[in-house]
1. For the range 38-68, enumerate the residues that are at pLDDT 75 or above and within 35 Å of the chain's Cα centre (by Cα).
2. Being touching a helix residue (DSSP H, G or I) at 6+ places or on another chain (Cβ under 8 Å) and without any contact (Cβ under 8 Å) to a residue 24 or more places away in the chain is the filter here; which residues of the range 195-214 pass it?
3. Within the range 224-274, how many residues turn out to be more than 16 Å from ligand 1 (Cβ to nearest atom), assigned to a helix (DSSP H, G or I) and within 19 Å of residue 294 (Cα to Cα)?
4. Do the conditions hold for residue 71, that is, is it farther than 14 Å from residue 131 by Cβ and either part of a strand (DSSP E or B) or modelled with pLDDT of 85 or more (or both)?
5. Can you pull out every residue in the range 206-223 that is part of a helix (DSSP H, G or I) and more than 16 Å from ligand 2 (Cβ to nearest atom)?
6. When you scan the range 288-304, do you find a residue that is touching a strand residue (DSSP E or B) at 6+ places or on another chain (Cβ under 8 Å) and either surrounded by 18 or more Cβ atoms within 10 Å (Cβ to Cβ) or modelled with pLDDT under 95 (or both), even just one?
7. Condition check: modelled with pLDDT of 75 or more and on the phi < 0 side of the Ramachandran plot. Does residue 31 satisfy that?
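The values are calculated or read from the model by the stated rules, or taken from the named source; none is laboratory data. Everything quoted here is computed from the prediction, not taken from an experiment. Cβ placement follows ideal geometry from the backbone for every residue including glycine, while neighbour counts extend to all protein chains displayed.
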Ligand SMILES: [Fe+2]
Ligand SMILES: [Fe+2]
């Protein structure tokens, strides 16, 4: 009667009573509305099995400890079939059932929230579960759509991040390529070798790391440093490749390579070009203010410029140049110490000396045998002052 009345009013609640014997798996439903029978294709003979047959999924919701997070435990039909006896024992133990079943009813998904009380009639070995199934399809469809959308959004975000990362790497690679070709172009006109740039990168990295700079910053420094003299591409061959000493006017022209390089590297968006710009402009400034192009002193000289200045001079001293013999490693380090507080930042000289084993190793590994023990280049270079 009650069930009939509820169905007539279109109540979404389907009351039921299920019963099973505690010593067997057999279950039967004695009371359940017409609506439920119809939902299960009118199969009222074996209502419980028809219901079980059409289950697609079962969700159990619970709170996660003290937090307000709702945990959804989802079990598919196969898992449920395996676990049914255990689930019944749990219902008996807790005295209740609360789960959401997704079933295929008349070829469309229907979600039923099952809420029941479980009672044990020990005398007859019968367990009775009585409660109601509530159609929660609209809420669950909404939830599934939300989850799918969230999943899709997440996938899109990951794809986008990967794409951005790829593009950033590509951009960085192409920048490096342009820069290395630019540096390469300079080598055709200067008497320095590519190894000068490589050693300089390594020396500067050692000092940068010893300063406590982060790996990312040190990497940028390493990549930017070989461009320090890129402005020399703008110096006339007659001066850059001049044999013999330079006049003071000619030397003034050589000095413009800092500003020329800075202009060439100006306005780049990347950290690489920004740092390269700073290095090109300031690698001939001196700690005491007697350097060029602007004669700035001490910490007013950007750190990247100070580091490059020290390592560039050290490498010039320990490499063969047209205007001088190759200095021994010891003679060159003595010179660096002597120029501390005059040409170089004393703190950097300190770090340089503390890291001599690493500097020596780079020098050993990246200097050709014939250059280690003295010697001069045959070509004449413009100025000894320009490392
Ligand atoms: Fe230079
Ligand atoms: Fe240099």
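1. Result: 61, single match.
2. 205, 209, 213
3. Count: 3.
4. So residue 71 passes the test.
5. 206, 208, 209, 210, 215, 216, 217, 218, 219, 220
6. No, there is no match, as no residue in the range 288-304 is touching a strand residue (DSSP E or B) at 6+ places or on another chain (Cβ under 8 Å) and either surrounded by 18 or more Cβ atoms within 10 Å (Cβ to Cβ) or modelled with pLDDT under 95 (or both).
7. When the stated conditions are applied, residue 31 does not pass them.
Rundown of residues vs (1) modelled with pLDDT under 95; (2) assigned to a loop (DSSP other than H, G, I, E, B); (3) within 16 Å of ligand 1 (Cβ to nearest atom); (4) not assigned by TED's automatic domain parsing to the domain that holds residue 211, yes/no style:
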| residue | (1), (2), (3), (4) |
| --- | --- |
| 286 | no, yes, yes, no |
| 307 | no, no, yes, no |
| 311 | no, no, yes, no |
| 349 | no, no, no, no |
| 362 | yes, no, no, no |
| 377 | yes, yes, no, no |
